[in-house]
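A.B. asks: Below is one structure. I have some questions about it.
The values are calculated or read from the model by the stated rules, or taken from the named source; none is laboratory data. These numbers come from a predicted model, not from an experiment. FYI the Cβ positions are ideal-geometry reconstructions off the backbone, even for glycines, and counts take in every protein chain you see. Protein only, heavy atoms only, side chains kept; ligands, DNA and RNA dropped before computing areas. Shrake-Rupley method; radii C 1.70, N 1.55, O 1.52, S 1.80 Å.
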Amino acid sequence: RDRRSQGVQTPKIPDREAFLSAPYDVFETWPEQVVEQLGDRYLILILDEFEKIGTAINQGKLSLTLFDELRSLIQHWDRLGFIFSGVQTLDEIGPNWSSYFISVVPVEMLYLKPDEARELLTNPDPECELTYAPSLVDDILSLTQGHPNLLQLIGAALVTEANESHTQTATAEMLEAAIPRAFTLGTSYFTNVWTEFTGNPADSAEVRAGQTVLKALADGSQPNNPDQITRAALRRMERYQVHKVENDQCQFD
């Protein structure tokens, strides 16, 4: 769709039967033909949730030949780029990844800076006319700490509250009402944090330990004399910015 919008003609994508018979040969032929039609453009292929490839390989559902193929494409096609998007680093997925993708440059997406978060809230779209009561944006930044997903959830919930109130100005009362709505909208996100980031998903004991810590933090308590499993869970949650340590105290990030 993107290349059609730019008037770029590309060869027809091979049919499924051709892929099944010789997937790597067929795929290599297609970008070779595409690149010839790009002129000074580049073709970028984005693989979202790429860590699932590692899971499939570990389970024997995919062959390491896929790594060889990707490495070959990355190294030999100047006008073909790849973006691997996921929540884990190459080292965290498995030892094979780093050795196969030496030329891949990691870019960590962190929380938004205050000015970036403020811009996202106040100018999300040229057609958005929602304004905020004094200090309300600061309150939202304090609640979300600049977390992109949480900002999106609060923003979407506030827009709904404003629409239902037939107003274009968000108020403190509307924010209070938007918070539980945001929790509902973000059920999938919070479930993912609860099951994937509290510990290594392959280690149920570590996950349970991390969940116990989160419950304690929510109740205002601190983990006391954590055992080895709990320390591993704490490291994972800190790595994924679920919590942070300040003055030897754990708190939600």
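A.B. asks: I want to confirm something. Restricting to the stretch 38-65 and keeping residues that are in contact with a strand residue (DSSP E or B) (Cβ under 6 Å, 6 or more places away or on another chain) and buried (at least 16 other Cβ atoms within 10 Å of the Cβ), which single residue is nearest to Gln88 (Cα to Cα)?
C.D. replies: Phe50
A.B. asks: Could you tell me which of the residues Gly94, Gly81, Gly86 is under 17 Å from the mean Cα position of the chain (by Cα) and surrounded by 13 or more Cβ atoms within 10 Å (Cβ to Cβ)?
C.D. replies: Of Gly94, Gly81, Gly86, the one residue that is under 17 Å from the mean Cα position of the chain (by Cα) and surrounded by 13 or more Cβ atoms within 10 Å (Cβ to Cβ) is Gly86.
A.B. asks: Just checking, which of Gly186, Gly199 is open to solvent by less than 30 Å² (accessible area, probe 1.4 Å), closer than 20 Å to Gln152 by Cα and not aromatic (Phe, Trp, Tyr)?
C.D. replies: Exactly one residue qualifies, and that residue is Gly186.
A.B. asks: Which one of these is open to solvent by less than 70 Å² (accessible area, probe 1.4 Å), touching a strand residue (DSSP E or B) at 6+ places or on another chain (Cβ under 9 Å), closer than 30 Å to Gln59 by Cβ and not acidic (Asp, Glu): Val213, Val159? Talk me through it step by step, then tell me what you get.
C.D. replies: Values: Val159 fails: closer than 30 Å to Gln59 by Cβ.
Going through Val213, Val159 in turn, just one is open to solvent by less than 70 Å² (accessible area, probe 1.4 Å), touching a strand residue (DSSP E or B) at 6+ places or on another chain (Cβ under 9 Å), closer than 30 Å to Gln59 by Cβ and not acidic (Asp, Glu): Val213.
A.B. asks: Among the residues of the stretch 14-24, how many are within 22 Å of Asp78 (Cα to Cα) and loosely packed, with under 12 Cβ neighbours inside 10 Å? Before the answer, list the steps.
C.D. replies: At the first step, the residues of the stretch 14-24 found to be within 22 Å of Asp78 (Cα to Cα) are 23-24.
This time we only want the ones that are loosely packed, with under 12 Cβ neighbours inside 10 Å, so: none.
Number satisfying all stated conditions: 0.
A.B. asks: Using beta carbons and a limit of 7 Å, which pairs, at least six apart or on different chains, have the first residue in the stretch 152-168 and among the acidic types (Asp, Glu) and the second one not in a helix (DSSP H, G or I)?
C.D. replies: Listed pairs, sorted by first residue: none to list.
A.B. asks: Counting only residues that are open to solvent by 60 Å² or more (accessible area, probe 1.4 Å) and not basic (Lys, Arg), how many does the stretch 66-76 have?
C.D. replies: Total meeting the criteria: 3.
A.B. asks: Next up: For the structure I just gave you, tell me whether Tyr111 is within 28 Å of His147 (Cα to Cα), hydroxyl-bearing (Ser, Thr, Tyr) and open to solvent by less than 70 Å² (accessible area, probe 1.4 Å).
C.D. replies: Here the answer is yes, as Tyr111 does meet what is asked.
A.B. asks: Hey, which of the helices (runs of 4 or more DSSP H) in the stretch 1-68, taking only ones fully inside, have at least 3 residues that are among the small types (Gly, Ala, Ser) and in contact with a Leu (Cβ under 8 Å, 6 or more places away or on another chain)?
C.D. replies: By residue number, no helices (runs of 4 or more DSSP H) qualify.
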